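These notes are about the structure you will find just below.
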Amino acid sequence: MGSLFRSEEMTLAQLFLQSEAAYACVSELGELGLVQFRDLNPDVNAFQRKFVNEVRRCDEMERKLRFLEKEIKKAGIPIVDTGENPDAPPPREMIDLEATFEKLENEMKEVNTNQEALKRNFLELTELKHILRKTQSFFEEETARVEDTQSLIHAEHLPDTQPMRLGFVAGVINRERLPMFERMLWRACRGNVFLRQTEIETPLEDPVTGDQVHKCVFIIFFQGDQLKSRVKKICEGFRATLYPCPETPAERREMAIGVMTRIEDLQTVLNQTQDHRHRVLVSAAKNIRVWFIKARKIKAIYHTLNLFNLDVTQKCLIAECWCPVADLERIQLALRRGTEHSGSSVPSILNRMTTKQSPPTYHKTNKFTSAFQALVDSYGVASYSEVNPGPFTIITFPFLFAVMFGDAGHGLIMALFGLWMVWREKQLMNQRKDDGTWSIFFGGRYIILLMGCFSIYTGFIYNDFFSKSLNIFGSSWHMANISDEDIKNNEMLELDPNVTAIYTPGSPYPFGLDPIWNMAENKITFLNSFKMKMSVTLGVIQMTFGICLSLSNYRFFKDPVSMFSVFIPQLLFLMCIFGYMVFIVFFKWIVYDASISYKAPSLLITMINMFLFKFPDSQDDYMYSGQKGFQIFLVLMAVACVPCMLFIKPFFEWRAHKSGKRTVRFGTVQMQVNGATEDTAVIMDQDEGEMPPRPPRGCQATRKRRSLI
């Protein structure tokens, strides 16, 4: 199998970077996206690395940006996303970003605090306004009740005393707490209080959460200081807000006028505060996506720098990375650009290294193949230099989906939807909606397009268009010798394909299924049998193709043991059972035509009897001569393949382990390494016999033989 279907050839490289140029070089390599760095400090705690303070500063910047993003979304302001992908800013710009974010955060916190205080004052004044309006009727009713009955002070038993005046408290309570509040007052005060309440028609805004809250105004009449103290404690327990309410109507009227004036002034201040907050958030919404990208890139760079080693002079950073061999020149150019941007006079050095460790798997993808490769990787990533099934999935996955889906009408809708996403690819990519479901659909736009196209094809094969059949070419079945009386007198009519007047031999429906089957009583039975056999055939072909890909891997890695103990038994087992089943499906279709179809044996019974070694006594019940012996041979062959797959390869691996040798794969070379030696990585000469470039001046790299496994 050619290199087109295998992962890119990777090599381990060593980098020598000057401290002042390391940031810019890592930034350029990150934009290139072709390098995977190795951690040279695996035993060092994450909080003890050199650039941990810079990483913490980036975390703090991200926290401030998340706070701003939350406030922007809370205010309902759209976040502008132009699709811009800025480069990582230089380290000196990080200070300016921190100052900008700090200023915006402090300003937003101050505005939020002031706005919350203003809203709380506005809520209190609004509640007081409703109390002053609604308590007037309460006082009028209370005065009339006291004058008529004198029930609360028992004046009929004390004729020489003057009527006592009742005390009262007024306040506001949440509507859902009112029933329990009434019961508690009645039980705690033993019925010696008089409660009146009414609901505020318009809901009030909570100053903290911003939710709309329904509240009720209440006034409680009581007698004595003891009841007053008890009532206030109950109000405090139910989080009811008490407000001062004058006793005389004139004082209440005067207070109401003052409250209305203060509400108007406070509303003006609130509007100005809201406008200022809106302007600040709109300004931040224009740049917050770019700020997020910059902060995350800075953080990624410093996180990568924490993977590097410092030489003894603290002037040079040493790194090791995996990179594609075909892109080494691009990596060199990126290092050169980074060195130039940093203003360093000492160039960065990249040396290729030899190693016995297996490199990581890297597959080059584009916007068309990336979704298919991600689909394959979700099941498992192929080992280094193994055949990549991603290119084959571009055809097999949409086609097998279409075999299952099989409706031309619905497939047309799916294809049009995928075509629309592909056609407006750039505009939709720039919008970048945060909806996760939409991101999944847009990422798989090419998969959806191909699934729709293949579904249209299989839909015409099944003659299924929105669950209806299409009579495009005209049915091959006729009703020439069937009279109108037969049609009227019989609920069901059987069409015999052996009658030439009913079915013309050699002239089937040109493409797909004949539309007359849509009217047949046995439509479901016929179609289910047809689709099942076709699905089994395609599945066996798919599995056979996968096993053949494994043969390509075994040949590439020069692994004859796996070739003879895994590939051949797997292929034989598959062919002896499922391959034979596909064979008899086609054999039955070809041999048994309409004239002798009643003699055709059941495939299911044939396969069951094959494994149970039950065979018919009459020779006429066999599909072909020698069927009994051939099926016995296939079952015995399949059974013999099982121990071969289970025991042969483990035996050879156990023997190799016992002898102290193991197989190491690297690139296209397979080497035998003695178990007693250590795995080392050494610098490889650029040309045979030529010494590698020296590290930069002042960089005394005291490299030791490092284990890479």
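The values are calculated or read from the model by the stated rules, or taken from the named source; none is laboratory data. If you're wondering where the values come from, they're calculated on a predicted model, not measured in any experiment. Neighbour counts are summed over all protein chains in view; Cβ atoms, including those assigned to glycine, are modelled from backbone coordinates with ideal geometry. Ligands, DNA and RNA are stripped out before the accessible areas are found, and what is left, the full protein with its side chains, is counted by its heavy atoms. Shrake-Rupley method; radii C 1.70, N 1.55, O 1.52, S 1.80 Å.
Among the residues of region 119-139, which ones are surrounded by fewer than 18 Cβ atoms within 10 Å (Cβ to Cβ) and closer than 23 Å to HIS278 by Cα?
Selection gives ARG120, ASN121.
Please determine, by comparing only the residues of region 188-229 that are more than 22 Å from GLU247 (Cα to Cα) and assigned to a strand (DSSP E or B), which one is least open to solvent (accessible area, probe 1.4 Å). First the steps, then the outcome.
Step one: filter region 188-229 for residues more than 22 Å from GLU247 (Cα to Cα), giving 188-191, 201-215.
With assigned to a strand (DSSP E or B) added as a condition, the list becomes 204-205, 212-213, 215.
On the way: LEU204: 15, GLU205: 80, GLN212: 113, VAL213: 31, LYS215: 32 Å².
So, considering only residues that are more than 22 Å from GLU247 (Cα to Cα) and assigned to a strand (DSSP E or B), the one least open to solvent (accessible area, probe 1.4 Å) is LEU204.
Tell me which residues, restricted to region 230-287, are open to solvent by less than 40 Å² (accessible area, probe 1.4 Å) and either over 27 Å from ASN174 (Cβ atoms) or of a type outside the set (A, V, I, L, M, F, W, C) (or both).
If the condition is that a residue be open to solvent by less than 40 Å² (accessible area, probe 1.4 Å) and either over 27 Å from ASN174 (Cβ atoms) or of a type outside the set (A, V, I, L, M, F, W, C) (or both), then TYR243, PRO246, ARG252, GLY258, THR273, ARG277, VAL280, LEU281, ALA284, ALA285 are the ones that fit.
Looking at TYR598, TYR580, which is the one that is open to solvent by less than 60 Å² (accessible area, probe 1.4 Å) and either farther than 30 Å from SER383 by Cβ or of a type in the set (Ser, Thr, Tyr) (or both)? Can you show your working first?
Details: TYR598 fails: open to solvent by less than 60 Å² (accessible area, probe 1.4 Å).
After ruling out the rest, the residue left standing is TYR580.
Do the conditions hold for ALA24, that is, is it among the small types (Gly, Ala, Ser), within 30 Å of SER358 (Cα to Cα) and either surrounded by 15 or more Cβ atoms within 10 Å (Cβ to Cβ) or out of contact with any His (no Cβ under 6 Å at 6 or more places or on another chain) (or both)? Walk me through how you get there before you give the answer.
Working: among the small types (Gly, Ala, Ser): yes; within 30 Å of SER358 (Cα to Cα): yes; either surrounded by 15 or more Cβ atoms within 10 Å (Cβ to Cβ) or out of contact with any His (no Cβ under 6 Å at 6 or more places or on another chain) (or both): yes.
So ALA24 fits the description; yes.
Could you please let me know if CYS235 is farther than 30 Å from LYS74 by Cα and either out of contact with any Leu (no Cβ under 7 Å at 6 or more places or on another chain) or modelled with pLDDT under 90 (or both)? Even if it seems obvious, please write down each step before you answer.
Details: farther than 30 Å from LYS74 by Cα: yes; either out of contact with any Leu (no Cβ under 7 Å at 6 or more places or on another chain) or modelled with pLDDT under 90 (or both): no.
The answer is no for CYS235.
Are any of the residues in region 288-310 surrounded by fewer than 17 Cβ atoms within 10 Å (Cβ to Cβ) and assigned to a loop (DSSP other than H, G, I, E, B)?
Checked region 288-310: no residue is surrounded by fewer than 17 Cβ atoms within 10 Å (Cβ to Cβ) and assigned to a loop (DSSP other than H, G, I, E, B).
When residues of region 535-566 are filtered for being without any contact (Cβ under 8 Å) to a residue 60 or more places away in the chain and farther than 28 Å from VAL403 by Cα, how many remain?
4
Please go through region 299-324 and give me each residue that is closer than 21 Å to SER358 by Cα and among the small types (Gly, Ala, Ser), ordered by number.
Of everything in region 299-324, just one residue is closer than 21 Å to SER358 by Cα and among the small types (Gly, Ala, Ser), namely ALA319.
Can you tell me which residue within region 434-482, out of those that are open to solvent by 50 Å² or more (accessible area, probe 1.4 Å), touching a helix residue (DSSP H, G or I) at 6+ places or on another chain (Cβ under 7 Å) and in a loop (DSSP other than H, G, I, E, B), is modelled with the highest pLDDT?
Result: PHE466.
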